[in-house]
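Enquirer: Take a look at this one; I'll ask things after.
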Amino acid sequence: MLLRRAVVVPSLVALLCVLPACGSTPADVAASPSATAAATPTPDGAATFTTDDLVAAITDAYSTAGSYDFTLVLGTDGALGEVAGSMHLGDVPAYDMTVTMMGMEMRMRAVDGQGYVSLGELTGGKFLAVDPADTSNPFAASFASSMDQADPSMGLKEHQAAIVSVTAVGEPTDVDGVQAQTYEVVVDPRKMPERMAELESNLPPGQELPETLTYTYLITADGLVPEVSYEILGIEGRMTTSNWGAAAPVTAPGADEITTQEALGG
């Protein structure tokens, strides 16, 4: 039972992150415009983004930064779970994250294409090594998917074709000395057939997705996203990123920190 629940937790994270805030699995979707697109600066130092350049600007900003720390809070005051960690982008992304959900806390780490998961006391405080390509390992699919979620567009690239509108709201806000503008980004999920099917398959009976989904982004003139939030089907989510280009380092566990799956007790 504990093993089953441990495998379900990262799957739930992936489900709740099927939104343009958490990265996404690759699909046959329209690519974003060239990352050379730029926002129009305003006199106060903020910027105006549109449906044409938003994805390119964010992708370019995070690709340039190369790394960031992040937090994701699901549900009111984190009632559904929390994820926090560091992401390093590149040809082979690396990350280190702690997931708290369903009464469990686990740590997931990926370095050089190799996955590691710690289930706290269940694994004696050590890590299981997980090969994402090993179909016999119950954690492999979760790691393979999470590696694909290291998307510098913050998940928006997959949603490019489905973005209906990008609207600036209110005045720019100071975020740690940097001006950032709030935007409402509206997405039509029906323009993403594969993702739409995935979302609908996980809905309670009789419940349907609204025709559009609205996300609130706080974006700097450089295209960095200090915060993005949403409320969909009663689920609240809020993701923050910080320390762009200076995220906490991610290293593989040492040999003395690795255990075997037998430690789970089946």
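No value in this document is a laboratory result; all are computed from the given coordinates. Just so it is clear, the model here is predicted, and its values are computed rather than measured. FYI the Cβ positions are ideal-geometry reconstructions off the backbone, even for glycines, and counts take in every protein chain you see.
Enquirer: From the phi angles alone, apply the Karplus equation (6.51, -1.76, 1.60; θ = phi - 60°) to the range 251-258 and give each ³J(HN,Hα) in whole Hz, x where the residue is Gly or Pro.
Expert: 10, 5, x, x, 4, 6, 9, 9
Enquirer: Can you tell me how much longer the chain between Glu211 and Met102 gets when fully stretched, taken as 0.36 nm per residue apart minus their C-alpha distance, in nm with one decimal? Please report the intermediate quantities before stating the final value.
Expert: Details: separation 109, 0.36 × 109 = 39.24 nm, distance 2.97 nm.
Using 0.36 nm per residue and subtracting the Cα-Cα distance, I get 36.3 nm.
Enquirer: Hey, another quick one. Using mean Cβ contacts within 10 Å as the protection proxy, how do 94-106, 234-246 order, highest first? Each step should come with its number before you reach the end.
Expert: Details: 94-106: 18.1, 234-246: 16.1.
Output ranking for 94-106, 234-246: 94-106, 234-246.
Enquirer: Cα atoms only: what Rg and Dmax, in Å, come out for the range 151-224?
Expert: For the range 151-224, the Cα radius of gyration and maximum Cα-Cα distance read 14.9, 47 Å.
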